[in-house]
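Note sheet for the following structure.
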Amino acid sequence: MATIRINKDNFYHNLNQLALKAGSKERLAVVLKDNAYGHGLTLMAQLASEYGIREAVVISTEEAQQIKPWFAHILILNGEPFRDEVFSFAVTDLRQLHHVDPKAKIELKVDTGMHRNGIRMEELDTALTLIRERDLTLYGVMTHYRSADVLSSEWYWQKHNFETVKHIVRSAGFDAVRFHSHNSAALLRSRHFDEDIARVGIAIYGYNELPASFDPIPLHPVLALYARRTSTRRVQAGERIGYGGDFTAPHTMTVSTYDLGYGDGWPRGDAHDPYITPDGLPILGRVSMDFVSLEGDQETVCIMDDARTAASYFETISYEMTTALSPEIEREIV
Ligand SMILES: *Cc1c(COP(=O)(O)O)cnc(C)c1O
């Protein structure tokens with residue numbers, strides 16, 4: 001079986017760095033959506049809780065139920081609100097406010113410029129009036145930045161918009177509401193973080209997606225992907241390996257097959273410009289659904305130990321590299 005090794009020391013190192021930025025670990029809400037970005041939902045929840053994290057963010061109620069025992073509070077980004085001690089629900093559309101259960105804790109998502117989810121700023125007064133009239137349980141007000149990871153003025157005007165939102169909400173008399181807007185990139189570049197929580201995802205897993213021109217904050221990748229040998233053979237010069245025979249052995253060589261493929265969420269890539277493992281082994285020929293071929297006969301090989309490096313080869317982002325990994329792959333803590 002291919003295996004994902006989760007490095008606990010690296011995870012705690014990243015949490016330490018982020019807690020310093022946020023001011024305390026109580027202000028870190030760990031984003032565990034999508035199987036904890038492919039790292040393993042319950043495993044990462046337990047580790048985070050053991051570290052002292054009290055807040056989590058997930059996409060669905062199903063995910064939230066699975067990790068409920070480990071957190072004081074969980075924000076569900078895309079779920080139908082209901083009354084619960086631990087859960088709160090992002091409300092992203094004005095229409096929801098008409099029928100939402102008044103006892104459910106809701107966090108109003110305001111669109112400050114990303115134009116994906118959230119009520120428009122012009123709708124804020126209407127929303128607050130509805131919340132007041134229906135006596136809804138407004139627990140938080142939040143927004144999401146579209147370009148916190150880009151060196152430009154964009155982040156500043158969106159931040160400015162959210163300050164306006166805070167002012168409007170407070171002026172309307174909602175003073176027990178929590179405010180949050182920062183994702184990893186925003187927290188990593190902020191100098192004076194002063195919101196109630198930061199919703200940190202990619203950075204807890206060890207990736208700083210900010211351009212190098214920002215303060216470098218050392219983060220360490222938490223996930224490493226290993227594959228196991230299923231068979232070994234000697235191939236002669238001129239013999240071709242795998243589907244389509246895209247790799248031709250230049251000389252006699254020892255080749256092994258390993259149990260990882262695109263069915264496990266590893267990208268198929270381009271056999272003519274092969275991915276190279278951290279130990280310098282190019283994948284030989286095409287990636288199959290469940291197998292890849294590599295030179296040598298090692299029992300296990302490390303396929304990836306830094307999703308950013310792999311992402312740049314596959315022309316994607318670290319988020320996609322780890323999130324795509326199948327939940328079926330065994331995960332272990334090292
Ligand atoms: C995914 C997500 C985050 C975390 O973003 P990172 O860039 O991974 O830190 C924060 N907030 C919302 C609303 C999200 O959907």
(request) Report, by residue number, each residue of region 82-107 that is touching a residue at least 24 places away in the same chain (Cβ under 8 Å) and either over 25 Å from Asp125 (Cβ atoms) or more than 16 Å from the ligand (Cβ to nearest atom) (or both). (result) Phe87, Leu94, Leu97, His98, Val100, Pro102, Lys103, Ala104, Lys105
(request) From (1) modelled with pLDDT of 95 or more; (2) within 30 Å of Trp155 (Cβ to Cβ), pick out the condition that doesn't hold for Thr42. (result) (2)
(message) Can you tell me which condition Gly245 does not meet? The list is (1) away from the ligand (no atom under 13 Å from the Cβ); (2) of a type outside the set (A, V, I, L, M, F, W, C); (3) open to solvent by 20 Å² or more (accessible area, probe 1.4 Å), and all the others hold.
(response) (3)
(request) Would you please name the residue that is most open to solvent (accessible area, probe 1.4 Å), looking only at residues in region 108-132 that are within 16 Å of the ligand (Cβ to nearest atom) and touching a strand residue (DSSP E or B) at 6+ places or on another chain (Cβ under 7 Å)? (result) Asn117
(request) Look through Asp290, Asp273 and report the one residue that is among the acidic types (Asp, Glu), surrounded by 13 or more Cβ atoms within 10 Å (Cβ to Cβ) and either within 16 Å of the ligand (Cβ to nearest atom) or farther than 30 Å from Tyr139 by Cβ (or both). (result) Asp290
(message) Give me the residue from region 193-213 that is of a type in the set (A, V, I, L, M, F, W, C) and open to solvent by 10 Å² or more (accessible area, probe 1.4 Å) and, out of that set, nearest to the ligand (Cβ to nearest atom).
(response) Leu210
(message) Among the residues that make up region 154-174, is at least one of them among the hydroxyl-bearing types (Ser, Thr, Tyr), within 30 Å of Pro218 (Cβ to Cβ), away from the ligand (no atom under 16 Å from the Cβ) and assigned to a loop (DSSP other than H, G, I, E, B)?
(response) no
(request) Kindly provide the set of residues from region 181-198 that are among the aliphatic types (A, V, I, L, M) and either over 14 Å from Thr143 (Cα atoms) or in a helix (DSSP H, G or I) (or both), ordered by number. (result) Ala185, Ala186, Leu187, Leu188
(request) Check off (1) within 13 Å of the ligand (Cβ to nearest atom); (2) open to solvent by 10 Å² or more (accessible area, probe 1.4 Å) for Ala186 and give me the number that stays unchecked. (result) (2)
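The values are calculated or read from the model by the stated rules, or taken from the named source; none is laboratory data. Quantities reported herein were computed from a predicted structural model and do not represent experimental measurements. Methodologically, a virtual Cβ is constructed for each residue, glycine included, from the backbone with ideal geometry; neighbour enumeration extends over all protein chains shown. Ligands, DNA and RNA are stripped out before the accessible areas are found, and what is left, the full protein with its side chains, is counted by its heavy atoms. Shrake-Rupley method; radii C 1.70, N 1.55, O 1.52, S 1.80 Å.
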